[in-house]
Amino acid sequence: MRARVRAVLEGWRTAAELTGTLLLAVSELVGNVVRHAPGAPGRMRVANLLSRLGLSHLFGSTPRVHFEADYRARLWFGEAVRTELRVTRVGASSLHYAFTVLGEEGTPAATGRMVIAHSAARATGATPWPADVRDVLTKAGPRAPELITGTPGGTPCA
């Protein structure tokens, strides 16, 4: 994404001393949209996954400690998207996900990864998964797809 933004800025003949600041601002803006917008890949999908595994009680005690995304194609406001979320690793106190956001045509619009950590009530940092939770997380296997709708066809892109 940064390369695309840099190319646009060069096309606009933006002063070199502003390019770094503008790249940072665009990265922050896009990152905030992905993190905080309704239907963002992380928040809703993780909540649904934990709920489907019978672990909804964990939501709220599993802060996101890492999030990164690479943008591949443009999405439009109101466009239905499909987000595929996969668990890639279960750590002692962490859970690693990879995700792909597909546009209406099935073209990957974004890919990325996210890590959440378990933090027991009143803990000052990460704590190991309880044995029963770790058992569910490591043995659940692939889950059937689920369509979460906000508009006909999928979740609206914000």
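The values are calculated or read from the model by the stated rules, or taken from the named source; none is laboratory data. A quick note: this is a predicted structure, and the numbers were derived from the prediction, not measured. Cβ placement follows ideal geometry from the backbone for every residue including glycine, while neighbour counts extend to all protein chains displayed.
Taking every residue in segment 43-63 that is among the polar types (S, T, N, Q) and pairing it with any residue that is modelled with pLDDT of 80 or more, at least 6 positions away or on another chain, the pairs with Cβ-Cβ distances below 6 Å are 61/119; 62/116; 62/118. If you go through segment 30-65 and keep only what is within 12 Å of residue 99 (Cβ to Cβ), part of a helix (DSSP H, G or I) and modelled with pLDDT under 55, you end up with 34, 41, 42, 43. Could you list all residues from segment 83-111 that are more than 18 Å from residue 138 (Cβ to Cβ) and crowded, with 19+ Cβ neighbours inside 10 Å? Of everything in segment 83-111, those that are more than 18 Å from residue 138 (Cβ to Cβ) and crowded, with 19+ Cβ neighbours inside 10 Å turn out to be 83, 99, 101, 102, 103, 109, 110.
Restricting attention to segment 80-108, the residues being of a type in the set (Gly, Ala, Ser) and part of a loop (DSSP other than H, G, I, E, B) number 5. Would you check which residues across segment 124-139 are polar (S, T, N, Q) and within 22 Å of the chain's Cα centre (by Cα) and list them? Hit for segment 124-139 is 138, nothing else.
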